[in-house]
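Have a look at the structure below before the remarks.
Only the coordinates and a few stated rules stand behind these numbers; no lab work does. Not measured: the values here are computed from a predicted model. As a convention, Cβ positions derive from the backbone with ideal geometry for all residues, glycine included, and neighbour counts pool all protein chains shown.
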Amino acid sequence: MGNNDVFSRQNEVAKPLSVGFILAPQFTLSAFSNFIDALRLAADDGDFSRQIRCKWKVLSHDAQPIASSCGLEVIPTARLEDPKSFDYIVVVGGLLHAGKKIAPQLVSYLKNAAESDVPLVGVCTGSFILARTGLMQGRNCCVSWFHHQHFETEFPKLSVSSDELFIIDDKRMTCAGGAGVMHLAAHIIEKHCGKFEAARALRIMLEEMPLPATTPQPQPVLTEKVSNLTVRKAMLLIERNISSPLSIEDLARKVNVSLRQLERLFHAEVGMTPANFSLKLRLNHAKHLLLSTKHQISYIVFECGFINTSHFTRRFRAEFGVTPTDMRNTGGVKNNAQ
């Protein structure tokens with residue numbers, strides 16, 4: 001390696017990307033590990049995991065171990081340092097309703113970081129934490145399709161989307177969780193360390209090349225994988241509104257296409273109309289509830305967006321060959337034997 005190469009390499013690591021993590025009580029372990037592993041793999045060459053191009057710390061106000069939602073604990077590595085010492089502060093959320101709230105000291109720290117213009121990142125339900133601290137006012141927020149309704153109920157005045165993997169709105173970044181976390185991490189790594197480091201980190205994690213923020217979240221497991229982005233966004237909207245089905249006209253309007261075009265796209269991609277896809281999705285959800293919960297059928301009727309029990313029963317029998325009551329009583333055996 002020549003002198004110029006050495007000088008270039010020294011400049012490259014002169015100011016590493018610095019990330020501080022705040023873990024909520026009962027945080028999601030996969031969201032944390034996906035983000036920090038992307039940093040680790042981009043930080044060093046080989047398999048040494050040295051904090052060269054990237055640095056990270058797990059912050060805490062009391063230095064006590066933090067239990068994840070699966071029970072495993074993480075020991076903090078630093079007290080609440082000056083937030084300006086970090087390029088980003090990442091808030092990893094966890095259990096939405098059963099989980100404890102973050103400590104008041106951490107709320108104050110996040111507000112101080114925002115006032116200091118430090119970018120804040122909410123992953124998994126970390127977006128809820130940022131919203132609860134008042135730090136998402138006037139910002140677009142990304143959540144998982146699974147938590148969309150919860151977010152709208154708790155924060156009716158905030159803008160929320162579950163169409164994308166992640167959303168960047170100035171100094172706020174929010175991510176749905178899961179594999180999307182590593183792609184948000186890759187976006188940050190690419191910005192600070194380079195495209196090669198970001199792509200290499202994902203390859204080592206056996207993930208595709210970095211995906212753009214606008215990549216739709218995974219589609220419902222009901223058909224073969226769909227590539228058309230309009231159809232995938234429509235599928236997510238249908239699933240998100242399973243208990244209060246959208247009219248097909250509203251669905252087309254929300255994905256910015258005409259009704260006829262949406263129906264043509266659905267026929268081409270999944271071989272059925274949007275209305276039939278919606279019906280099949282709701283019936284399959286009803287079947288799941290019948291076999292895996294003790295909810296009364298009247299509750300399932302409401303939860304799956306049907307007009308009344310008789311309407312639901314007719315549709316269910318036509319799809320599965322048995323009534324909902326028989327399905328529950330036999331544990332699905334009749335359906336499986338067909």
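Toward the positive end of the charge dipole of the chain, about the Cα centre and with charges on Cβ (Lys, Arg +1; Asp, Glu -1), which of Ala42, Ile52, Thr214 goes farthest? My answer, from the dipole projection, is Thr214.
Footprinting exposure proxy ranking of Met205, Met327, fewest other C-beta atoms within 10 angstrom first, gives Met205, Met327.
Pick from Ile52, Ile204, Ile307 the residue whose mean-square fluctuation is largest in a GNM of the chain, springs joining Cα atoms under 10 Å. Looking only at Ile52, Ile204, Ile307, the biggest GNM fluctuation is shown by Ile307. Per the Debye formula on identical point scatterers at the alpha carbon atoms of segment 166-292, with no solvent, log10 I(q)/I(0) at q = 0.09, 0.20 Å⁻¹ is -0.35, -1.08. At an R0 of 56 angstrom, the distance between the Cβ atoms of Glu73 and Asn329 translates into a FRET efficiency of 0.80. Of the residues Cys142, Cys124, Cys70, Cys304, the one with the fewest other Cβ atoms within 10 Å heads the list, and the complete ranking is Cys70, Cys304, Cys142, Cys124. When each full DSSP H helix of the chain is screened for a Cα extent of at least 20 Å along its own axis and an average Kyte-Doolittle hydropathy of at least -0.5, the helices passing are 29-43, 179-193, 274-292.
The helix-based estimate of mean residue ellipticity at 222 nm for the chain, built from -39,500 (n - 2.57) per DSSP H run of four or more residues and divided by its residue count, is -14000 deg cm²/dmol to the nearest 500. Using the Cβ-Cβ distance between Glu249 and Leu158 with R0 set to 22 Å, the FRET efficiency works out to roughly 0.25. Within the chain, which is the longest segment that contains none of the trypsin sites (Lys or Arg not before Pro) sitting in a DSSP loop with at most 10 other Cβ atoms within 10 Å? With trypsin sites (Lys or Arg not before Pro) excluded where exposed in loops, the chain gives 1-156 as its longest stretch. Here the calculated FRET efficiency for Ser258 and Ala63, from their Cβ-Cβ distance with R0 = 56 Å, stands at 0.45, rounded to the nearest 0.05.
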